[in-house]
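Worksheet: the structure to be examined is printed underneath.
The values are calculated or read from the model by the stated rules, or taken from the named source; none is laboratory data. Predicted, not measured: the structure shown is a model, and the values here were computed from it. For neighbour counting, all protein chains shown are included, and Cβ atoms are generated from backbone atoms with ideal geometry for every residue, glycine included.
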């Protein structure tokens, strides 16, 4: 979420990493998302990238993103070609998220963990990168007005940190395309 006045200065943020998995479907790319299980205490039912908290000292952020992807949706690390990372994202819920982008290799298999994931689905990459599809919305949260991005698509509501990271990626790609 974007906050009025930005994020609080002194925060102990928990390191986390996510993978934005790209899937090649013919001549197009899609992005794979999960919808978190409804029974979870944190972010239940929300759309997200596979990912989670880093085991600090035991794994790199990239290893964290790949481990969490395997745990949540069954895609093994050797089925992902990591393409890079993009700007970290801080959340109002206390996470410093490092997002990675990876292309899923042909033949990958999805086996969602029902304890964490209610659904796995894909959304066209071009739709997500089009700034016209990025809506800025507002809500009161913890007594303050919060702003966040949302990208509704075919009955699904991609919002908050996930939409914020996608917006940042879209801006970086647009800047790179304009410079190239």
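A few points about this structure:
- Subset of the stretch 55-90 (residues that are touching a helix residue (DSSP H, G or I) at 6+ places or on another chain (Cβ under 6 Å), modelled with pLDDT under 95 and farther than 17 Å from residue 33 by Cβ): 87
- Count of residues meeting criterion [surrounded by fewer than 19 Cβ atoms within 10 Å (Cβ to Cβ) and either in contact with a helix residue (DSSP H, G or I) (Cβ under 8 Å, 6 or more places away or on another chain) or without any contact (Cβ under 8 Å) to a residue 60 or more places away in the chain (or both)] in the stretch 140-166: 8
- Unique match (being out of contact with any helix residue (DSSP H, G or I) (no Cβ under 9 Å at 6 or more places or on another chain) and either in contact (Cβ under 8 Å) with a residue 60 or more places away in the chain or surrounded by 13 or more Cβ atoms within 10 Å (Cβ to Cβ) (or both)) among 99, 124: 124
Condition check ((1) within 15 Å of the chain's Cα centre (by Cα); (2) closer than 15 Å to residue 108 by Cβ; (3) at pLDDT 85 or above) across all residues:
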| position | (1), (2), (3) |
| --- | --- |
| 15 | yes, no, yes |
| 21 | yes, yes, yes |
| 31 | yes, yes, yes |
| 43 | yes, no, no |
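- Considering the stretch 108-180, the qualifying strands (runs of 3 or more DSSP E), each wholly inside and each with 3 or more residues that are farther than 14 Å from residue 46 by Cα and touching a strand residue (DSSP E or B) at 6+ places or on another chain (Cβ under 8 Å), run over 117-124, 135-141, 144-153.
- Scanning the stretch 31-54 for residues that are closer than 17 Å to residue 155 by Cα and touching a helix residue (DSSP H, G or I) at 6+ places or on another chain (Cβ under 8 Å) yields 31, 32, 33, 34, 46, 47, 48.
- Listing of strands (runs of 3 or more DSSP E) fully contained in the stretch 26-106 that carry 2 or more residues being within 19 Å of residue 172 (Cβ to Cβ): 28-36, 80-85, 95-104
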